[in-house]
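The values are calculated or read from the model by the stated rules, or taken from the named source; none is laboratory data. Because the structure is a prediction, the values reported are computed rather than measured. Virtual Cβ from ideal backbone geometry, glycine too; neighbours counted across all protein chains shown. Accessible surface areas use protein heavy atoms only, side chains included; no ligands, DNA or RNA. Shrake-Rupley method; radii C 1.70, N 1.55, O 1.52, S 1.80 Å.
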Amino acid sequence: MALGDTLCLSRVGRRIRSFPLGVSALELGSHPDCDIVIHAAAVPPRAKLFQPRGGTVFVYDLDESPGLGARSVMPIGKRLAVGAGYAVTRLKAEAVPFERGATELLRGRSVEPARLSLIGGHGAAARAFHLGDEPVSIGGATDNAIALSDRAVSQYHCRIETSAQSVSVRDLGSTNGTWVDGLRIRRHELRPGAVLRVGRTELRVVRRGSARSSSSDLVVESTPMLSVMAEVDRFASLPWPVLIRGETGVGKELIAQALHERGRRRKGPFVAINGGGLPRELIESELFGHERGAFTGAVQTHRGAFEQAHGGTLFLDEVAELAPDLQTRLLRVLETWQVRRVGSESGRRVDVRLLCATHTDLGAMVREGRFRSDLYYRIHRLVVDVPALRARPDDIAPLAAHFIGLMESDVGERRIAPEALDRLHEYPWPGNVRELRNLLELAAVDCDGALIDLASVDRALRRSAEPSAHRPSAGLLRETLEQYGGNMSAAARALGIPRSTLRDRLQGASELGR
């Protein structure tokens, strides 16, 4: 469709007004909220919807259903009668002079509409409704694209309309109104993170596909992950701590980055630190900093993570691994928002949003006396649960395509065979997304040519599962852990492996044994 095509409204052959096409859908009818209003009793309140898309203008008949009716195509020069002597005609831009200001709407580069979904409900009960090119009607009547069993919702409550540049919602004269982010609207653009309320039902707007962050991409396609991202959008602008829970390798740090980059502190620093990845002596210094000469080896002053994250976000991974005295110090910071470096006599004020992550059950640790209850309630105010990969199989194919694309510069072009993708769906993924990426990298190097076939994936799976002379068996791991009374750090030192490796192997063995 050429820029500037128009719909011309005429009556008994006399041109009345022109309306530019190409920016958004146009609704015609006698209702005062329509874009093209015809004040005639013979014209239905909502008669036609003109939806530009690509080089085509689609016309939806709304006479029988204000939600959405039959569709047809409107070519250039087509004259469409709408009743009471009125008609509309699609004309090329040069065929009709624009009214003053009409062309202003069409300036600028057209952008492809975002791939959005509406999420209703929470957690396992969440439902996803994917928005595409077609208009989507919402209401209580069963012929709506999204039919809601909500008695506060009108039969034809509102309609979602997608244009070349935006996605908008139009109220259809509902009894209780259509609300976006707490404001009652007649027509309003929908953006990721917005909350659409119809009746008593809240639908959160979430972007599908890759959500780009500063260091990586977060691939979101499945309903469970769309629900997670709806929670992220809901929590991002709040100042309170967030606890991110999930198994090893699910992408908790990417969720933390998304919370930071979608929040009010996005221009500030994002600092990540692993509570279980450093020795006890170093983690205190890394968190709170130290003064020069505070201990042997402290040759210069060091700003801790809290000071580095001032004005931004601090992501503390594996918070459950903090020693009891460090839990006490962390609680003190959250109460006073002052940090005191090791070896310092005074504190420094910090302004930080804290995001914590764990793969363990902190509630159980509190009951067992291994984690401070007062700290637990400080960081447990907002919770995001990231599902395991096996609980969201719809993400496996897009994740595989994403990782294959990332490695193209290193290994060349690759594609995965359908039967190999089927095998990926059969595997339980104890290491989650991280394991999927590692396995695909191994298969991409191992395969002959550009095709990652079933044999390559099977070989990669066997290699990742093969014990070696230098790899302790699962039985030995459990015996050593029991010998040290469940102290994972002590068991890892005895085995000569990193604590994170011990944790991942025990978890993987547990998943494969189910």
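Per-structure values
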read-out: Residues Asp133 and Ala401, FRET efficiency given R0 of 25 Å [Cβ-Cβ distance, rounded to 0.05]; value: 0.70
read-out: Cleavage-rule hits (trypsin sites (Lys or Arg not before Pro)) in segment 374-404: DSSP loop, at most 12 neighbouring Cβ within 10 angstrom; value: Arg381
read-out: Residue order for Met365, Met488 - accessible surface, 1.4 angstrom probe, largest first; value: Met488, Met365
read-out: Prolate/oblate/rounded call for the chain, Cα gyration tensor, a/c under 1.5 rounded; value: prolate
read-out: Net lengthening on full extension, Asp150/Asp351 (0.36 nm per residue, minus Cα-Cα); value: 68.0 nm
read-out: Distance (nanometres) between label positions extended 7 Å along Cα→Cβ at Leu238 and Arg191; value: 2.1 nm
read-out: Three-way shape label, segment 230-325, alpha-carbon gyration tensor, a/c 1.5; value: oblate
read-out: Mean-position separation - Cα centroids, segment 280-328 and segment 25-85, in angstrom; value: 64 Å
read-out: Cross-link partners of Lys252 among lysines (Cα-Cα below 22 Å; sequence separation of 8 or more within a chain); value: Lys267
read-out: Solvent-accessible heavy-atom area per residue, rounded to whole Å², over the chain at 1.4 Å; value: 48 Å²
read-out: 21 Å Cα-Cα reach of Lys92 towards lysines, excluding residues that sit fewer than 8 places from it in its own chain; value: Lys48, Lys78
read-out: Residue-span extension gain [Leu80 to Arg332] - 0.36 nm each, minus C-alpha spacing; value: 83.5 nm
read-out: FRET efficiency for Arg415 and Arg53, using Cβ-Cβ distance with R0 set to 25 Å, rounded to 0.05; value: 0.25
read-out: Cα shape, segment 119-202, gyration tensor, a/c 1.5 rule; value: rounded
read-out: Net charge contributed by nearby residues that have their C-beta within less than 13 Å of Gly69 (K/R +1, D/E -1); value: -2
read-out: Förster radius 41 Å - calculated FRET efficiency between Leu451 and Ala41 (Cβ-Cβ, nearest 0.05); value: 0.05
read-out: 222 nm mean residue ellipticity, helices alone, for the chain (DSSP H n ≥ 4; -39,500 (n - 2.57); rounded to 500); value: -8500 deg cm²/dmol
read-out: Contour minus Cα-Cα distance for Asp422 and Ala294 (0.36 nm per residue); value: 40.4 nm
read-out: Cα centroid separation - segment 405-438 against segment 136-191, whole Å; value: 39 Å
